[in-house]
1. Report, by residue number, each residue of the stretch 241-280 that is over 22 Å from residue 346 (Cβ atoms) and surrounded by 24 or more Cβ atoms within 10 Å (Cβ to Cβ).
2. Considering every residue within the stretch 331-341, establish whether at least one is over 24 Å from residue 238 (Cα atoms) and in a loop (DSSP other than H, G, I, E, B).
3. Going by what's in this entry, would residue 316 be described as part of a loop (DSSP other than H, G, I, E, B), over 26 Å from the mean Cα position of the chain (by Cα) and within 22 Å of residue 250 (Cα to Cα)?
4. From 99, 108, which residue is on the phi < 0 side of the Ramachandran plot and not in a loop (DSSP other than H, G, I, E, B)?
5. Please verify whether residue 345 is surrounded by fewer than 17 Cβ atoms within 10 Å (Cβ to Cβ), within 30 Å of residue 247 (Cβ to Cβ) and in contact with a strand residue (DSSP E or B) (Cβ under 9 Å, 6 or more places away or on another chain), treating the condition exactly as stated.
6. Here are some residues: 5, 23. Which one is more than 26 Å from the chain's Cα centre (by Cα), at pLDDT below 95 and crowded, with 16+ Cβ neighbours inside 10 Å?
7. Residues that are at pLDDT 95 or above, farther than 22 Å from residue 244 by Cα and in contact with a strand residue (DSSP E or B) (Cβ under 9 Å, 6 or more places away or on another chain): find the strands (runs of 3 or more DSSP E) completely inside the stretch 259-308 holding 3 or more of those.
8. Could you grab me the full set of residues in the stretch 84-101 that are at pLDDT below 95 and either surrounded by 20 or more Cβ atoms within 10 Å (Cβ to Cβ) or within 21 Å of the chain's Cα centre (by Cα) (or both)?
């Protein structure tokens, strides 16, 4: 039988008693868990029982091929409410691991950060800041970055001051069956190549599901499918730290595409997002604290965006930025509403016309180009311009998971 380090600790105590040695006081579970993580060997299964366990500093796992398993996201709770040291709750730099059935609460910084790993599964993990939306909350809930072959499923993320569920600078990613609420960004895919985001619920965030490319990051992201999600009522006031990328996301944004290419949005149920149910922008029109210096290799223009077969309801009645409210009033009146899709209308001046920016095949749904590059002079709806198509993306398949 294989024992985890925690099991081995208990076995060691029992052995010492059998040998007649003086019994040693059992370590508190919090210290036993810390030791198990820091001394783990490949193949270990570390189990966390039911209960709330309080930590004052970060936990760290740097060993490949480890399973960390709790008794359930409502039962096994790692609380960092009294944290005084460390940038994360749990920091992982490893590959071929599984974390499931536990909760991480009230961390100073990110709740669960995974850096530079392959073949990663995060399943039924809850990250939450229990005081509700607050700029002082940690930035990210579940946060894999520079990873490959990643499965995030069945998780819950609440209260992150940046993104509840985030995947950045990664490849081959599936984000499915999760729930994100009361974060600034519910689910965010950034500078990532090849992601499927489906069967998730994103509600009561500032922005529901974001697909972003940002400059000064080595990897340019593309090829993301967003489908079969429920994205509704993402109208929480933006509580991100000023100057961060998501601080420019207007409250009331359902699905947001920024400077990303080859994005499919289909079969979603998107409703009652007060700015618009879908927002598409270039880096130039997004409010990123005046940052306008871009590296030559960065492509700020969204292209090959395909929107089809979504169900839309409500939305567009109370835009989350002043200039959008003024534009709504000018075009539709104070009691009017934006169409389901708004686009900044900024196109690549070097585009030869063969690469479409945004294609829409979604019944009577309309797209409003706000013509942000020309001070909104020619804002309007021209659906013939968006009567186009792009090649469909292939489903993501994960190896070795």
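1. Answer for the stretch 241-280, where residues must be over 22 Å from residue 346 (Cβ atoms) and surrounded by 24 or more Cβ atoms within 10 Å (Cβ to Cβ): 268, 270.
2. Within the stretch 331-341, one or more residues are over 24 Å from residue 238 (Cα atoms) and in a loop (DSSP other than H, G, I, E, B).
3. Details: part of a loop (DSSP other than H, G, I, E, B): yes; over 26 Å from the mean Cα position of the chain (by Cα): no; within 22 Å of residue 250 (Cα to Cα): yes.
It is false that residue 316 is part of a loop (DSSP other than H, G, I, E, B), over 26 Å from the mean Cα position of the chain (by Cα) and within 22 Å of residue 250 (Cα to Cα).
4. 99
5. Details: surrounded by fewer than 17 Cβ atoms within 10 Å (Cβ to Cβ): no; within 30 Å of residue 247 (Cβ to Cβ): yes; in contact with a strand residue (DSSP E or B) (Cβ under 9 Å, 6 or more places away or on another chain): yes.
Spelling it out, it is not the case that residue 345 is surrounded by fewer than 17 Cβ atoms within 10 Å (Cβ to Cβ), within 30 Å of residue 247 (Cβ to Cβ) and in contact with a strand residue (DSSP E or B) (Cβ under 9 Å, 6 or more places away or on another chain).
6. Numbers: 23 fails: crowded, with 16+ Cβ neighbours inside 10 Å.
Every option except 5 fails the conditions.
7. It comes to 261-266, 269-271, 303-308.
8. Pass one, the stretch 84-101, residues at pLDDT below 95: 84-87.
Hit for the stretch 84-101 is 87, nothing else.
The values are calculated or read from the model by the stated rules, or taken from the named source; none is laboratory data. Because the structure is predicted, anything quoted here is derived from the model rather than measured. Because the Cβ atoms are built from the backbone with ideal geometry, glycine has one as well, and the counts that use them run over all protein chains shown.
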